[in-house]
Amino acid sequence: MSRWRLGRVPRWRTRTLIIGGILFLASAGLLIAAGSTRGFTSDLLLNLGSSLVLAAVSYLIFDPIFDEARKARVQEHDRFDQAAFVDRMRETHRNIRILDTWTLLLEDRTRTRTFSAMRKALDQGATIRVLLLDPSSAAAQQRAEELVRRQIDVAAQIMDNLRQLYLFRDQLDSPEVKSRLKVCVYDASPSIQLYQWDHRALISFFPIGKVSFDVPQLEVDMASPWGQFVDRRFDELWDHQEHVRSLDRYWLLAVTLIQGSERLDTVFLPYVGTEDDVYVDGTGNLANRLAERVLHARDDQPAGSAPFGALAVWPPRRSGREAHDFDLIRLDQEHTPGPTDVLALFDGKYGNYPPARSAEVFLLRLVPR
């Protein structure tokens, strides 16, 4: 069982026992009062007390049955109702979870209402977990091929979602509130769409040629078999270290500078890359420290290389993976792709990436040793 279900079952039992106990206490009080009175009042209290005993017994027996029937009920909706889900988020006090390739909730026309509802839920103590497809993964490319007739740039949609979520989290008031907004990307094959608020959720699948918002949605209770199935799928992805990385690891790459056997300080740098090539922007963080050394490297070093290297985990997953050695190579116009092309990759990931001219940035390529 998941952590959420383990936390929910005792609350349901407690509620049933509390209500049943109140009915029993009320009936006991009426029966005791009936014994101390005479005549019509005694008969009335006796009848009321007996009726409450039957009501309490009936409630304890039948409420669990009715509750299970309510959980098993599945409602079908023609498509995803964005406005209705945003309203439900606004009323949530415990748990919001989103599992998708990318989410239309963060498009221009709905973004303001979505973030307003998220902020209200966070202020009420809710935890929000968002799990989107890794834009650089093979699964994202496959999904783009499935939507080729719709001419949707899947990677661009996901990167825009992640950029908006990062900026929104950065604007939250306190570290405690920020800690309850958790965003990750996964590189496994997408199979199920999940939009959960507390104990209810909308689920659907990913049809070929259509976005999942435009297909029928099933509204289920998370304690039902359907709910437990998608609950397990979400937890499997969320807890899988090899297939998931946090928004922080997606946004910045931790690079530890090394000189010989000595480790210098660690810096967190904007980066883009694939499984083979990694490019970091050292403007500001590294420029003052490295520029002179890179530009005046010794004659026996590769052109543009720094007199020291770096340790970094690539691909950047969760902590615990081994860091590898890299040489730092200054990116120049002779390299393919050149600074202009690499800056376009930075712009696609970070949006309006400054500065616009490659001469103003200090781009480095991490080359495995």
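The values are calculated or read from the model by the stated rules, or taken from the named source; none is laboratory data. None of these values were measured; they are calculated from a predicted model. Note that each Cβ is placed from the backbone with ideal geometry, even for glycine, and that neighbours are counted across all protein chains shown. Quick note on the areas: whole protein, heavy atoms, side chains included, nothing else; ligands and nucleic acids left out. Shrake-Rupley method; radii C 1.70, N 1.55, O 1.52, S 1.80 Å.
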Report the relative contact order of segment 76-128, percent, no decimals, based on alpha-carbon pairs under 8 angstrom and at least 6 residues apart.
48
Cα→Cβ-extended label distance, 7 Å offset, between E236 and H324, nm
2.8
In nm, the gap between the two label points placed 7 Å beyond Cα toward Cβ at I22 and A83 is 3.6
Between D108 and D332, what is the spin-label point distance in nm, taking each point 7 Å from the Cα along the Cα→C-beta axis?
4.2
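Given a Förster distance of 45 angstrom, what is the FRET efficiency for E91 paired with E145, based on the Cβ-Cβ distance and rounded to 0.05? Before the final figure, lay out each step's value.
Working: r = 38 Å, r/R0 = 0.86.
Efficiency, rounded to the nearest 0.05: 0.70.
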Full-stretch length increase - F205, T256 - with 0.36 nm per residue and alpha-carbon distance subtracted
14.2 nm
Place the peptides 249-261, 86-98 in order of packing, highest mean first, counting for every residue the other Cβ atoms within 10 Å and averaging per peptide.
86-98, 249-261
Compute from the Cα atoms of segment 96-149 the Rg and the Dmax, the latter being the longest Cα-Cα distance, and quote both in angstrom.
13.9, 42
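Probe radius 1.4 Å, ligands and nucleic acids left out: which of F206, F213 has the largest accessible area, and how do the rest follow? Mind dumping the intermediate values first?
Details: F206 35, F213 5 Å².
The most accessible residue leads, giving F206, F213.
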Based on the alpha-carbon gyration tensor of segment 119-177 and its eigenvalue square roots a ≥ b ≥ c, which shape applies: rounded if a/c is under 1.5, prolate if not and a/b is larger than b/c, or oblate?
prolate
